[in-house]
Amino acid sequence: MKTVIGLEKFIMKDGMPYQKARLGLLANQASVGHDYVHAIELIDEALPGAVAELFGPQHGWAGEKQDNMVESAHGRDRQGRPVYSLYGETRRPTAEMLAGLDALVVDLVDVGTRVYTFAHTMSHCLEEAGKAGLEVIILDRPNPIGGVETEGNLLSDNCRSFVGLHPIPMRHGLTLGELALLINRRLEKPAPLKIVGCEGWRREMYFTDTSLPWVYPSPNLPTLECAWVYPGQVLWEGTNISEARGTTRPFNLVGAPFIDAEKLFQRLKMLDLPGFKFREADFQPTFHKWAGEMCHGLELFPVDKSFKPYLTSLAILQIILEEWPDDFKLKEPPYEYEFDRRPIDLILGRTDIFDRLASGESAESVEKTWLPDLERFNQTKSEILLY
C-alpha cells in the first residue's frame, strides 16, 4: 500500500480552503513528494500565489550548511519571496516575519531523535504562533526509524537547550505531527494547530517499509542507516571521538587516532548487544575532527528492530573511557548556542550519565535508571498517537 504523506494530502484536498490565504512554509531540501518534486513547487501549483514566505531550519533552506553553530543568512528564492533562516541570529520566527500570514505550514523530515533540531524549530514556531494566534499546519511524515520503539532517558530541565526543549527520550517514536501535539499542549499559549496526517503508514513501519524516496534531511544523514544509528552515535559530537563527519559513512563509523580498533571490537563483542553487526574500521576524515588523520574504530550495521542505538553508543563510550582515559576528551563549549554547559550533558539530556560511565558503571546499568521514566513517557505518548 502506498504511503501518502501530509504534503500530498494537502495539495490534493486539505489545502483547498487556503487558496486565498497568505502562507509561510517551513521546509528544506528533503521536503519532497513521491516523485522528488519539492513541496514549494507542489503547493505553488495547487495554490498559486498562496505561499508568501519561506523558512529554513538548521543547515539551511537548501540543506547546504555543515555541522553546528553555522548561521544561515536570510535571502530570497527564485520568485523573490523572502527566505528566513531559523538557525542564525534568531532561532524562532519574529513577529515581523509572521505579520500578515494566515497560516504557517511545516513540512520537515524528522529522524526520530530528541537532539535533532528540526523539532525544536517547530516548537519555537508553535510558541510564537500561539502568541500571535496564527494557525500552524503540520504536513506529517512517517518517523523513519519507526513509531513503536522508544529508548533513553527523558530530558532533564537543567539540560534544556536547542538540542532538547521538552522531556522526551532520545528516541521518541513519534511523528513530527505527534510531537507538535505533545509540545503544543505544554505551551502557555498553544497555537491553533492542524495536523494533515499520513495514510498507509503503521507504527511498526520503518522508512524502507514505505514507498517514499529518501532525500537526506541534513548533510550528514545521507542514508536511512545513518539515521538508524544516529540516536546513539550523535553523542560523539560532545567528545573528541570522530562520528565520521568528513567521510561517506557519517555516524555509522566511530573512531579516533588513539583507539586500538581490535581491542574495541573485542570488548564490544563481549557485551552481546542486540540487533546489529560491526567490524573494525579505519577511516580518514577530510574535514571536521581529526581531518587528514587516520582514525581507528568501528563501523556499525543495524540489522533488525531489536537494535538499541543509544545503549550501543553508550556502551562504546564506556569502553573508550576505560581503555583510553588519557586520550579521550570532552568537547568544550560552545555547542548549539550554549556557552557555559558541557556539550555532552546537553546531548545526553542529563548531567549524571557521562559521569556514571566515567566512574566505571556499565551502560546496561545506567539504562535501568531511565526505564521507569521511559514507561511514563510511553503512557503519555499513547494519549496523542495519530496512527
Subject >> Leading residue by the ranking (nearest to the chain's Cα centre (by Cα)) among those in the stretch 1-21 that are basic (Lys, Arg) and part of a helix (DSSP H, G or I) >> reply: 9
Original post:
What are the residues in the stretch 152-177 that are crowded, with 23+ Cβ neighbours inside 10 Å and closer than 29 Å to residue 211 by Cβ, if any?
Top reply: 168, 169, 170, 171, 172, 174, 175, 176, 177
Original post:
From the set of residues in the stretch 22-75 that are outside any loop (DSSP other than H, G, I, E, B), among the charged types (D, E, K, R) and surrounded by 14 or more Cβ atoms within 10 Å (Cβ to Cβ), which is farthest from the chain's Cα centre (by Cα)?
Top reply: 44
Subject >> Subset of the stretch 311-337 that is touching a helix residue (DSSP H, G or I) at 6+ places or on another chain (Cβ under 9 Å) and either among the hydroxyl-bearing types (Ser, Thr, Tyr) or at pLDDT below 95 (or both) - its residue that is surrounded by the fewest Cβ atoms within 10 Å (Cβ to Cβ) >> reply: 334
Original post:
Which number in (1) without any contact (Cβ under 8 Å) to a residue 12 or more places away in the chain; (2) at positive phi marks the one condition that residue 290 misses?
Top reply: (1)
**OP:** For the stretch 221-244, enumerate the residues that are part of a loop (DSSP other than H, G, I, E, B) and either among the hydrophobic types (A, V, I, L, M, F, W, C) or crowded, with 21+ Cβ neighbours inside 10 Å (or both).
**Re:** 221, 241, 243, 244
Subject >> Residue match in the stretch 117-137 (condition: among the basic types (Lys, Arg) and in a loop (DSSP other than H, G, I, E, B)) >> reply: no
**OP:** Within the stretch 76-113, count every residue that is within 23 Å of the chain's Cα centre (by Cα), under 30 Å from residue 20 (Cα atoms) and not in a loop (DSSP other than H, G, I, E, B).
**Re:** 7
Subject >> Criterion violated by residue 303 - all others in (1) out of contact with any Cys (no Cβ under 8 Å at 6 or more places or on another chain); (2) within 21 Å of residue 113 (Cα to Cα); (3) in contact (Cβ under 8 Å) with a residue 60 or more places away in the chain; (4) of a type in the set (Val, Ile, Thr) satisfied >> reply: (3)
**OP:** Return the residue satisfying two criteria in turn: it lies in the stretch 245-269 and is in a loop (DSSP other than H, G, I, E, B) and in contact (Cβ under 8 Å) with a residue 40 or more places away in the chain, and of such residues it is surrounded by the most Cβ atoms within 10 Å (Cβ to Cβ).
**Re:** 252
**OP:** Being part of a helix (DSSP H, G or I) and acidic (Asp, Glu) is the filter here, so list the residues in the stretch 153-205 that pass it.
**Re:** 157, 178
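Report yes if residue 146 is more than 30 Å from residue 332 (Cα to Cα), surrounded by fewer than 21 Cβ atoms within 10 Å (Cβ to Cβ), within 14 Å of the chain's Cα centre (by Cα) and small (Gly, Ala, Ser), otherwise no.
Values: more than 30 Å from residue 332 (Cα to Cα): yes; surrounded by fewer than 21 Cβ atoms within 10 Å (Cβ to Cβ): yes; within 14 Å of the chain's Cα centre (by Cα): yes; small (Gly, Ala, Ser): yes.
Yes: the conditions hold for residue 146.
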Subject >> Yes/no for residue 268 being among the aliphatic types (A, V, I, L, M) and either under 23 Å from residue 361 (Cα atoms) or more than 23 Å from the chain's Cα centre (by Cα) (or both) >> reply: yes
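Looking at the stretch 342-353, which of the residues that are under 10 Å from residue 235 (Cβ atoms) and crowded, with 23+ Cβ neighbours inside 10 Å is farthest from the chain's Cα centre (by Cα)?
Checking each candidate, the answer is 353.
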**OP:** Check 325, 274, 285 and return the single one that is assigned to a loop (DSSP other than H, G, I, E, B) and touching a strand residue (DSSP E or B) at 6+ places or on another chain (Cβ under 7 Å).
**Re:** 285
Original post:
Got at least one residue in the stretch 193-207 being free of Cβ contacts under 8 Å to residues at least 40 places away in the same chain and among the basic types (Lys, Arg)?
Top reply: no
**OP:** Return the only residue of 81, 114, 92 being within 29 Å of residue 152 (Cβ to Cβ), at pLDDT 95 or above and surrounded by fewer than 21 Cβ atoms within 10 Å (Cβ to Cβ).
**Re:** 92
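I need a count of the residues in the stretch 355-387 that are among the hydrophobic types (A, V, I, L, M, F, W, C) and either within 26 Å of residue 324 (Cα to Cα) or surrounded by fewer than 15 Cβ atoms within 10 Å (Cβ to Cβ) (or both).
Residues that pass the stated criteria total 6.
The values are calculated or read from the model by the stated rules, or taken from the named source; none is laboratory data. Worth saying up front: this structure is predicted, and the values here are computed from it rather than measured. Positions of Cβ are backbone-derived with ideal geometry, glycine not excepted, and every protein chain shown enters the neighbour counts.
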